[in-house]
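The values are calculated or read from the model by the stated rules, or taken from the named source; none is laboratory data. Every value quoted in this text rests on a predicted model; they were computed, and no experiment measured them. With ideal geometry, Cβ positions are generated from the backbone for all residues, glycine too; neighbour counts draw on all protein chains shown. Heads up: the accessible areas ignore ligands, DNA and RNA and are worked out on the full protein's heavy atoms, side chains in. Shrake-Rupley method; radii C 1.70, N 1.55, O 1.52, S 1.80 Å.
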Amino acid sequence: MMLRSLSLKIFMTFITALTSVILFLFNSGCSTRNQPPVITEDSTIVYLPKNPDEISAEITFCRRISKKTGEPTDKGTIFSIKDDAKVFAVIYLKNRNNYFNKDLMFHIDWTDPEGNSFYKKRIDLLRNDSSSTVISSISISPDKRKTGSYYLRFYLFRELIAEKKFLLTNEQVDNDLTNSKKTAEKLNAKITFCRKINSKTGKLIDAGKIFTLKDKGSVYASVSLTNKDTSISQPLTFIADWIGPDDSSFYRKKINITPETASFTISGSISVSPAKRLPGNYKLRIFLGDNLIAEEGFKLVKQEKVEKIIPPKLNKESVSAQIVFCKKISKKTGEPVSVDSVFEIKDKAKVFAVISLEKRDTTVNNNFKLTADWVGPNDSSVYKKRIDINLTDKNTTVTSSISVTPEKRKPGIYFLRVYLSKLLIAERKFELISQKKK
Amino acid sequence: MLLGHSSYFFNSIWLHLDPADPLLPNWEQFLLRYIGYICAPGFLMMNGAMVWWTYHSRISKGSTDWEARWHLIQRGLFLVLVQVSWVNSSWGGFSEFKPGHLGIIACIGLSMIILTLIVRMSWQIRLGIALAIFSVHPLLLKITYNPDIMWQQILMQTFIDSGDFNKYPVLPWFALATMGSVMATGWFELWKDNKKRILYGLSIGLISVLISVLIRMGNGYGNIFPFSDFGSYSFFLDQKYPPSLYHNLWFFGWVAAGVSVVIVLNNVIPKIIKVLGIVGRVPLFFYCVHLAILGIFSKRIDLFYRKGEITETLIGFAIMLVIMLPLAKWFGGVKQRSRNYIIKMI
């Protein structure tokens, strides 16, 4: 019984100690790198150190290393397999300076498309070695390599700190890819978003960058492309990549086109029904092959949050109008001259109306059509004048006039009716009388 | 062992993992690989303990000295034969007969044979021999040889270095087996009760671990690979093929301490030991059969061969346990009942 109790104590002590050691190792030191890795601009997958002062690495692939400068030339991630060709990996070490007093053990591991390691190299940087660049190369002759995705993995003290992929292709594919890159450089692209594209005229309807989510709604993108060099006439394959608010692609579409003119347009659309999309910032990226040639963003918003721009309803109280009749309007002051309501019919005579509009409803800011309707004694319109006015200011004045010669007018009671968007806002009468005999 | 082998067959890391120079992408893969590191030291130490116990048991039952030794020599030779005839070929699912190299089972067999020469010696002398080999082995590794010259390769890689012919050179592993025989003297003879076995076993184990840490921190003699910091991958992953002095002492310590834990477990939760005992009764059968099943189904039929990662490895391990435990239990019964020479050997 005593032995059992003692055994249990020892066992528990041992297990506690062992667990503590394991936890200590995994928390404090075992892995010195952060997971998941980050992807740098040059596509190196970097496992950053937990301590930012520790060494990290970036990988650059190239066809050659300049003998003069020692710098990589013909950089890239796509290489064609050919006789006597090589791929060099240049690995730049960050924070190397912090480790001058320590030997460093690195490994470079090249793996083939099946994931098999085909060349591994250990590189020790000794404490008096100030190198901050590590270089390794492999032959890419056809007898040694096949097409596909290869990886280079870079380890510091057996721990993966960076990796990068490159593609080996046969020469034809490489040429196509190179051509694709050159073609992409020759194109100017501009993306415009809209609600609809008129199928007959191609005109963009409701163009903008903010769209509401609604059932059966769509957002169209029209991409205007212009050749800087008119020599592009081969078939081109574009990829429209629609990116959601989470920054991930939700729809990719291939668009094949053979441009016949220097300028051409491609288009695409997505549904923006609430069932399919969330509100947020979206992007469209247009690629030619692997080359990004245009990128533009737009916003999807919920329907209820959109402020509906409904013009305020116009009524008689919205705007008031005063009509003044006169024989003429001073050219200097613009003021009515010889204001009256009875006018004589005579040669070359006119009746002017000065219509003063006063905005009472401040929400009224729209453009309106004002109609001045001159109505004769038989209640028929003798002349209508339509004027576009914008009621941004509180007071607006417009003028209209009719000729009152004997040939055109008869004596009697006339009216001037003023309409604002078909709403009668003012009416005033005046009288025309026969010419007094001299 | 089974976990390590499940990883070897199902884990895609083995497409590019070189066991002699391991590079690891994350701590999960590190752990999976490192767990297997304790197997070989465990096998060799248990083998050494078993040799000591069997010899003395046979002597006490009336066998002559030569009879007791001859039994062990036959068993050692049988293990070498199993290695070259079965084990080597089972890795590839028997698609090829590959008798041309040695491995862990042959190393155990050869260690067993050599151990018969010193099994009667006192534990102090055996301890001295083992420690002397541990100490001298790093110097022997400096012997230069040309692995392309067959006799040099066979000689060096059978006893001292690791390579294509043999990953498990006899000399350092024999030293571990000898350490196992020394511990067996304590477990079965000197320490009369479990309390002593547990305390002495734990103490010796932890002292050995401590010495190994000191050797590692020294980063000089007894180390093969450099390391960055205490507790990093590289700290633990010193060379296993062939084992460094640090590796030998580190794992001797953990195995010795582990035996104490097993003794405790046997007192506290005896059922667990019963389950372990199913495999412990027929270790060679378990090793040979599970490797053959994995080799045939995974490698040869290409069933998830190196297509998965951690999860797939663990699933494979669980499936293999479900297959192997009943088989081991069944064969344990057969072996107990049988008087067949070969079956008794397995």
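Here is how the numbers come out for the structure above:
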item	result
Whichever residue in the range A:339-355 is more than 16 Å from A:Lys429 (Cα to Cα) and open to solvent by 40 Å² or more (accessible area, probe 1.4 Å) and, among such residues, is nearest to the chain's Cα centre (by Cα)	A:Lys348
The range B:225-256, residues that are modelled with pLDDT of 95 or more and among the hydrophobic types (A, V, I, L, M, F, W, C)	B:Leu245, B:Leu249, B:Trp250, B:Phe251, B:Phe252, B:Trp254, B:Val255, B:Ala256
Residue list for the range A:79-99, restricted to those being touching a residue at least 60 places away in the same chain (Cβ under 8 Å) and open to solvent by 50 Å² or more (accessible area, probe 1.4 Å)	A:Lys82
Segments classed as helices (runs of 4 or more DSSP H), wholly inside the range B:120-188, with at least 2 members that are open to solvent by 40 Å² or more (accessible area, probe 1.4 Å) and under 22 Å from B:Asn88 (Cα atoms)	B:150-159
Flag if A:Leu168 is in contact (Cβ under 8 Å) with a residue 12 or more places away in the chain, more than 10 Å from chain B (Cβ to nearest Cβ), in a strand (DSSP E or B) and hydrophobic (A, V, I, L, M, F, W, C)	yes
Long-range neighbours under 6 Å by Cβ, at least six apart or interchain, first residue in a loop (DSSP other than H, G, I, E, B) within the range A:312-338, second open to solvent by less than 70 Å² (accessible area, probe 1.4 Å) and at pLDDT 85 or above	A:Ser330/A:Val337
Only listed residue being within 12 Å of chain A (Cβ to nearest Cβ), touching a Phe, Trp or Tyr at 6+ places or on another chain (Cβ under 7 Å) and surrounded by 16 or more Cβ atoms within 10 Å (Cβ to Cβ), chosen from B:Ser298, B:Ser232	B:Ser232
Complete set of residues in the range B:237-269 that are open to solvent by less than 10 Å² (accessible area, probe 1.4 Å), touching a residue at least 60 places away in the same chain (Cβ under 8 Å), assigned to a helix (DSSP H, G or I) and within 12 Å of chain A (Cβ to nearest Cβ)	B:Ser260, B:Val264
Test for A:Lys144: is it of a type in the set (D, E, K, R), within 10 Å of chain B (Cβ to nearest Cβ) and surrounded by fewer than 20 Cβ atoms within 10 Å (Cβ to Cβ)	no
Among (1) modelled with pLDDT of 85 or more; (2) surrounded by 12 or more Cβ atoms within 10 Å (Cβ to Cβ); (3) in contact with a strand residue (DSSP E or B) (Cβ under 8 Å, 6 or more places away or on another chain); (4) within 14 Å of chain B (Cβ to nearest Cβ) - the single one A:Asn34 does not satisfy	(1)
Strands (runs of 3 or more DSSP E) wholly inside the range A:197-307 that include at least 3 residues being under 29 Å from A:Thr77 (Cα atoms)	A:218-227, A:236-243, A:249-257, A:280-288, A:291-301
Exclusive hit being open to solvent by 10 Å² or more (accessible area, probe 1.4 Å), modelled with pLDDT of 85 or more and either among the small types (Gly, Ala, Ser) or more than 23 Å from A:Tyr251 (Cβ to Cβ) (or both), set A:Ala207, A:Ala221, A:Ala189	A:Ala189
Filtered residue count, the range B:91-119, keeping only those that are crowded, with 22+ Cβ neighbours inside 10 Å and closer than 22 Å to B:Gly163 by Cβ	8
Selection within the range B:279-308 - touching a residue at least 12 places away in the same chain (Cβ under 8 Å), part of a loop (DSSP other than H, G, I, E, B) and of a type outside the set (Phe, Trp, Tyr)	B:Val282, B:Ile301, B:Arg306, B:Lys307
Criterion (of a type in the set (Asp, Glu), in contact (Cβ under 8 Å) with a residue 12 or more places away in the chain and closer than 19 Å to B:Ser228 by Cβ) met by exactly one of A:Asp129, A:Asp124	A:Asp124
Close pairs (8 angstrom Cβ cut-off, 6 or more residues apart or separate chains): farther than 15 Å from A:Ser249 by Cα in the range A:282-304, of a type in the set (S, T, N, Q) and surrounded by fewer than 16 Cβ atoms within 10 Å (Cβ to Cβ) anywhere	A:Leu288/A:Thr237; A:Gly289/A:Thr237; A:Lys299/A:Asn281
B:Tyr221 assigned to a loop (DSSP other than H, G, I, E, B), more than 26 Å from A:Arg33 (Cβ to Cβ) and among the aromatic types (Phe, Trp, Tyr)	yes
Any pair with Cβ under 8 angstrom, 6 or more apart, that starts in the range A:242-258 at a residue that is more than 19 Å from A:Val223 (Cβ to Cβ) and ends at one that is assigned to a strand (DSSP E or B) and open to solvent by 100 Å² or more (accessible area, probe 1.4 Å)	A:Pro245/A:Asn281
Unique match (being in contact (Cβ under 8 Å) with a residue 24 or more places away in the chain, touching a Leu at 6+ places or on another chain (Cβ under 9 Å) and within 13 Å of chain A (Cβ to nearest Cβ)) among B:Ile160, B:Ile211, B:Ile215, B:Ile198	B:Ile198
Hey, A:Val382 surrounded by fewer than 14 Cβ atoms within 10 Å (Cβ to Cβ) and outside any loop (DSSP other than H, G, I, E, B) or not	no
Among the residues listed as B:Leu171, B:Leu206, B:Leu245, B:Leu202, the single one being closer than 17 Å to B:Tyr37 by Cα and under 21 Å from the mean Cα position of the chain (by Cα)	B:Leu245
